[in-house]
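Note sheet for the following structure.
The values are calculated or read from the model by the stated rules, or taken from the named source; none is laboratory data. Values in this document were obtained by computation on a predicted structure and should not be read as measured data. Neighbour counts are summed over all protein chains in view; Cβ atoms, including those assigned to glycine, are modelled from backbone coordinates with ideal geometry. Side chains are part of the model used for accessible areas, which takes the heavy atoms of the whole protein and leaves out ligands, DNA and RNA. Shrake-Rupley method; radii C 1.70, N 1.55, O 1.52, S 1.80 Å.
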Amino acid sequence: MTKETILSYLGDHPWGETLIVLPRVSSTNTYLKELAKNGAPHGTVVIAELQTEGRGRLGRRFESPRGGLYLSVLLRQSPDFRLTPMAAEAVRRAIAASSGLRPQIKWINDLVCGGKKLCGILTELCGDAAVVGIGINCEGTPHEVATSLEAEGCPCDRSRLAAEVIRALSEMTPHWLTDYKRHCLTIGQDVQLIQNDAVRYAHADDMDEDGALLVTLADGTKERIFSGEVSVRGSYGYI
Ligand code: BT5
């Protein structure tokens, strides 16, 4: 995967000009946040073949060996709660277009297949801008809860996937949240909510236009959930 191979799929898309492709980096999000502080423009994309310190949410690690796609994009627009779900829908579309695989979405930031995690998304604010980082497992299974495009029988050219992800991110709109909901396996299920170490049980009724999960707790109280771990109750450990 090189800048040239990605551009061969991306054509003359405006974000191609500032695209950076690195053989390795600590974290594409960390790298791009530094560029953002130095004035990098909207749509700057950083892609790495591997990350030595790939990050998940809340200080967790995202295993990032060679064979995955690790991509971050800088979005200079007003901060928006909906960025993470919109990006998840963008990546779902890009994966379907380039590999034929049809992943589902685990609220709020994971794409999953067969009960395993295919992709994670980390949105971080950087001043007035946002950096959205996407990690897609393409080959192998880098973690015990992980699957990959190859493991699901849908290997694909990473340069083509990268180009599709860039294109979809540049086109994302809040209208896509309807499709997000359609593919979200969390909505309509009994779930376990884990927030600040407290565990509660609820039914996930819907997602609202801000991307918040609307739940009914065991005592009938309704709440809007913006963050935390939400797992479907039942046989899956991770989902
Ligand atoms: C995420 O966090 O899933 C967000 C991952 C974002 C990674 C991208 S890669 C490009 C950019 N640069 C970065 O440094 N990060 C972004 P979270 O929901 O907190 O999930 C983390 C959890 O996923 C870990 O605690 C593991 O349980 C699991 N995990 C770790 N590596 C994995 C992998 N490669 N595939 C699937 N699951 C993994």
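Annotations for the structure displayed:
- Region 190-232 shape via C-alpha gyration tensor axes, a/c threshold 1.5: oblate
- Relative to the longest principal axis of the Cα atoms of the chain, helix 158-171 runs at roughly 70 degrees.
- Sparsely packed GluC sites (Glu not before Pro) within region 187-230, loop by DSSP, other Cβ within 10 Å at most 10: GLU209
- Taking all protein chains as they are arranged and a probe of 1.4 Å, the heavy atoms of ARG233 leave approximately 130 Å² accessible to solvent.
- Backbone amide hydrogens, once placed in the peptide plane, bring GLU152 within less than 5 Å of nothing, excluding anything fewer than 5 places away on its chain.
- Structure-based [θ]222 nm, the chain - -39500 (n - 2.57) summed over DSSP H runs of at least 4, per residue, nearest 500: -7000 deg cm²/dmol
- Across ASN38, ASN29, ASN109, mean-square fluctuation computed from a Gaussian network of the chain (C-alpha pairs under 10 Å connected) peaks at ASN38.
- Charged neighbours of ARG102, selected by a Cβ distance under 14 Å, balance to 0 (K, R count +1; D, E count -1).
- With all protein chains kept in place, the per residue accessible area of the chain amounts to 45 square angstrom at a probe of 1.4 angstrom.
- Nearest 10 degrees, 0 to 90: helix 28-37 Cα axis against the chain principal axis: 70
- With contacts taken as Cα pairs under 8 Å and at least 6 residues apart, the chain reaches a relative contact order of 17 percent.
- For the chain, carbon and sulfur atoms together expose 48% of the accessible surface, with a 1.4 angstrom probe and every protein chain in place.
- Surface listing: MET1, MET86 arranged by accessible area from highest to lowest gives MET1, MET86, probe 1.4 Å.
- Estimated at the nearest 10 Å², the accessible area of CYS138 is 10 Å² with a 1.4 Å probe.
- When ARG102, ARG200 are compared by accessible surface with a 1.4 Å probe, the order from highest to lowest is ARG102, ARG200.
- Base-10 log of normalised Debye intensity for region 35-89 (one unit scatterer per alpha-carbon) at q = 0.17, 0.22 Å⁻¹: -0.73, -1.11
- Positive-end extreme of charge dipole, the chain - chosen from GLY59, GLY16, SER170 (charges on Cβ): GLY59
- Alpha-carbon geometry of the chain: the Rg and the Dmax are 17.3, 57 Å, given in that order.
- Whole-Hz couplings from phi, Karplus 6.51/-1.76/1.60, listed for region 10-18; x for Gly and Pro: 8, x, 9, 4, x, 6, x, 4, 9
- Karplus 3J(HN,Hα) series, Hz, for region 208-225 with 6.51 cos²θ - 1.76 cosθ + 1.60 (x for Gly, Pro): 8, 5, 8, x, 6, 7, 9, 10, 10, 6, 4, 8, x, 5, 9, 9, 9, 9
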